[in-house]
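Down below is the structure, laid out as structure tokens.
The values are calculated or read from the model by the stated rules, or taken from the named source; none is laboratory data. These figures come from a predicted structure and were not determined experimentally. We place every Cβ from the backbone using ideal geometry, glycine too, and count neighbours over all the protein chains shown.
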Amino acid sequence: MKVAVYPGSFDPITLGHMDVILRSAAVFDKVVVAVLKNVDKKGLFSIEERVAMIRKLVQKYDNIEVVSFQGLLVDFMKAIDAHVIVKGLRVGLDFDYELQMAHMNRRLSQERVETVLMMASTEYSYISSSSVREILHFKGDIRGFVPEEIIEDIYQKVGIVLEGMCNERKL
């Protein structure tokens, strides 16, 4: 069975992330969405919240699993017997960074891990979690950037309410 790991912080998960997950699930037997626990960073969402949101989005797919991990990606991959990393690319700068990481992970894994770079679909190539967080910081509208199924969860987390929910800022 070909198992691919799609690692990231997913803070929050975007339509671009979902596009890569679903396209990967069509290529590999199993895709493990691996949510990184970075102890040095305080995310907008807790690890548990991120995992729960992604699970909500992929629950109907039998070959997609969502877990969290901490430490080196190659150690996590060895523990679950996976040999492929999937990474999404939006722009050229992503390629430069991911090329370095691919070489590093291949070396650290003693050449047992390969990285597959998946080009972002055109309609999502400009979306990033950091841009979504910035929009949220200014209480902007994130519809069209993140999956509809989790928009309410995200707005509740940051105190923005959708039309008809209460009298704070309404979108």
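Here are a few things to note about the model shown:
- Taking the range 45-62 as the range and being of a type outside the set (V, I, T), touching a strand residue (DSSP E or B) at 6+ places or on another chain (Cβ under 6 Å) and buried (at least 16 other Cβ atoms within 10 Å of the Cβ) as the test, only R50 passes.
- Residue count, the range 1-53 (criterion: part of a helix (DSSP H, G or I) and out of contact with any helix residue (DSSP H, G or I) (no Cβ under 6 Å at 6 or more places or on another chain)): 16
So that you can scan it fast, the table gives a plain yes or no per residue for (1) in contact with a His (Cβ under 9 Å, 6 or more places away or on another chain); (2) of a type in the set (F, W, Y); (3) in a helix (DSSP H, G or I); (4) at pLDDT 95 or above:
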| residue | (1), (2), (3), (4) |
| --- | --- |
| A79 | no, no, yes, yes |
| A82 | no, no, no, yes |
| D96 | no, no, yes, no |
| R106 | no, no, yes, yes |
| E149 | no, no, yes, yes |
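- From the list N105, N63, the lone residue that is within 18 Å of the chain's Cα centre (by Cα) and polar (S, T, N, Q) is N63.
- Residues that are among the hydrophobic types (A, V, I, L, M, F, W, C), out of contact with any strand residue (DSSP E or B) (no Cβ under 6 Å at 6 or more places or on another chain) and not in a loop (DSSP other than H, G, I, E, B) within the range 108-131 comprise just one, L108.
- Of all residues in the range 76-100, those that are free of Cβ contacts under 8 Å to residues at least 24 places away in the same chain and in contact with a strand residue (DSSP E or B) (Cβ under 7 Å, 6 or more places away or on another chain) total 2.
Yes or no, residue by residue, for (1) within 17 Å of H17 (Cβ to Cβ); (2) surrounded by fewer than 11 Cβ atoms within 10 Å (Cβ to Cβ):
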{"position": "A82", "(1), (2)": "no, no"}
{"position": "V86", "(1), (2)": "yes, no"}
{"position": "L93", "(1), (2)": "no, yes"}
{"position": "E98", "(1), (2)": "yes, no"}
{"position": "H103", "(1), (2)": "no, no"}
{"position": "S109", "(1), (2)": "no, no"}
{"position": "R112", "(1), (2)": "no, no"}
{"position": "L117", "(1), (2)": "yes, no"}
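- Test result for L73, in contact (Cβ under 8 Å) with a residue 12 or more places away in the chain, crowded, with 17+ Cβ neighbours inside 10 Å and not small (G, A, S): yes
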